[in-house]
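Remarks on the structure that follows.
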Amino acid sequence: MHAPIVANDREYARPSVPAIAICLDGCEPAYLDAAIEAGLMPNLARMRRDGTDALAHSVIPSFTNPNNISIATGRPPSVHGISGNFFYDKKRDEEVMMNDVRFLRAPTLFKQFHDGGSRVAIVTAKDKLRALLGAGLNMGDGRARCFSAEKSASTTVDEHGVDDAAAWLGMGQPDVYSAELSEFVFAAGLKLLRDWKPDVMYLTTTDFIQHKHAPGTPVANAFYEMFDGYLGQMDALGAAIVVTADHGMKPKHHADGTPNVVYVQDLLDEWLGAGVARVILPITDPYVVHHGALGSFATVYVPKTMDRPAIAERLRKVPGLTHVMRKKEAVAAFDLPWDRVGNIIVISGENVCIGTSEDRHDLAALEVPLRSHGGLTEQEVPFICNRVLNLPEDRQLRNFDAFHYATMAAAQ
């Protein structure tokens with residue numbers, strides 16, 4: 001009996017069959033319910049019936065980077081340090097994408113498994129996550145593969161574990177704004193499982209479809225039907241599989257389809273003077289077609305010379321803002337890294353999103369009514385396993401429990 005793998009003070013069983021976690025980006029639980037009701041997901045329906053069907057909470061902010069890294073480390077942002085897709089680096093006085101390995105403060109469980117002799121595979125949809133998820137992996141020893149669908153035609157053995165992953169898979173490199181980007185992830189995962197037989201594998205998709213299409217719509221149902229086909233094949237190969245998500249997705253628009261936005265930077269500029277306060281939107285990333293950088297979570301930097309409690313109280317009176325918290329309260333409530341959030345945290349409601357200044361958001365690409373995430377109303381996500389799990393009754397199940405239970409199920 002091999003000793004368990006320890007990552008960030010948490011034990012993971014050594015699997016005897018492949019242990020797989022699948023993160024369906026933006027998978028509001030209603031998507032699965034609608035597709036199953038339509039008879040389009042027989043494999044997932046069977047897993048829910050014969051295995052484990054539960055709901056879990058994502059980390060807050062309910063954005064891609066902090067949740068994927070929480071799944072990859074088994075810990076909240078206070079441990080791994082990734083507080084959003086984007087943040088304000090006070091030491092350098094710059095606003096930057098949070099996709100560089102230098103921002104990561106904890107090793108991934110993938111590194112720990114790899115160091116312990118296991119074969120590890122990671123396939124992401126967008127390349128922005130690849131470096132973080134693959135941090136510390138030695139691609140040269142033949143026991144690690146980590147690549148993205150977005151850059152699949154330019155992968156190398158030295159950096160990604162495989163040359164030209166698109167040619168290896170026999171699929172062209174997909175457009176980043178497409179359902180095919182996620183399908184590439186599933187197809188690559190299936191091929192790796194069949195041909196390479198990883199001990200631990202992580203597959204994580206893009207939420208392009210979820211930002212554009214509501215649960216039960218034809219395009220959304222077609223996406224989940226496609227996923228179900230790959231899921232059934234992976235299940236048939238004997239892997240222990242946990243399906244979860246990084247966050248949910250809610251409509252953030254008025255009845256006429258226009259975005260329902262509270263422009264917090266505009267408000268603070270009016271109250272305090274232009275540029276006195278700085279509003280950071282951690283949803284920000286290069287993929288503006290998805291969401292126009294509009295989500296339901298913002299962090300605000302206010303100078304010490306200003307009356308921060310009074311400003312917070314004034315923000316609490318703004319319609320649509322459901323939570324306005326001082327830094328100490330928010331860090332404790334959401335397990336956030338102290339030095340990577342502002343003095344005030346602002347969260348909006350289910351159908352409201354937060355912007356900086358109206359003139360800083362290019363919404364021309366939003367061809368359909370805005371759907372987005374980031375707040376507490378997008379925190380509930382699916383947690384489904386093709387094995388019966390003994391889940392805890394004394395604490396809230398989290399999406400970053402995925403590999404704890406996947407490896408446990410794979411070791412049985």
Point to revise | Verdict on ARG105 being closer than 18 Å to VAL157 by Cβ and basic (Lys, Arg) | key: no
Study note, to complete from the structure: Of (1) assigned to a helix (DSSP H, G or I); (2) modelled with pLDDT under 95, THR284 fails just (1)
Check your understanding: Taking segment 112-159 as the search range and keeping residues that are basic (Lys, Arg) and without any contact (Cβ under 8 Å) to a residue 40 or more places away in the chain, which one is farthest from ARG10 (Cα to Cα)?
Key -> LYS151
Check your understanding: Between residues in segment 208-226 that are closer than 12 Å to GLU183 by Cα and not assigned by TED's automatic domain parsing to the domain that holds SER178 and residues that are of a type in the set (Phe, Trp, Tyr) and buried (at least 20 other Cβ atoms within 10 Å of the Cβ), which pairs lie under 8 Å by C-beta distance while being six or more apart or on different chains?
Key -> none
Review point. Quick one: SER58 ticks every box in (1) closer than 22 Å to HIS211 by Cα; (2) out of contact with any Gly (no Cβ under 9 Å at 6 or more places or on another chain) bar one, so which box is it?
Key: (2)
Revision key, fill the gap. With criteria (1) of a type outside the set (S, T, N, Q); (2) surrounded by fewer than 24 Cβ atoms within 10 Å (Cβ to Cβ); (3) farther than 19 Å from ILE122 by Cβ; (4) touching a residue at least 12 places away in the same chain (Cβ under 8 Å), TYR31 comes up short on (2)
Point to revise | Matching entry among VAL262, VAL243, VAL219 (being farther than 18 Å from ILE122 by Cα and assigned to a strand (DSSP E or B)) | key: VAL262
Practice item. Residues that are in the same structural domain as ARG10 (by TED's automatic domain parsing): find the strands (runs of 3 or more DSSP E) completely inside segment 316-412 holding 2 or more of those. Key: 380-385
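The values are calculated or read from the model by the stated rules, or taken from the named source; none is laboratory data. Given the structure is predicted, the values throughout are model-derived calculations rather than measurements. A quick note on method: Cβ atoms are made from the backbone with ideal geometry, for glycine too, and the neighbour counts reach across all protein chains shown.
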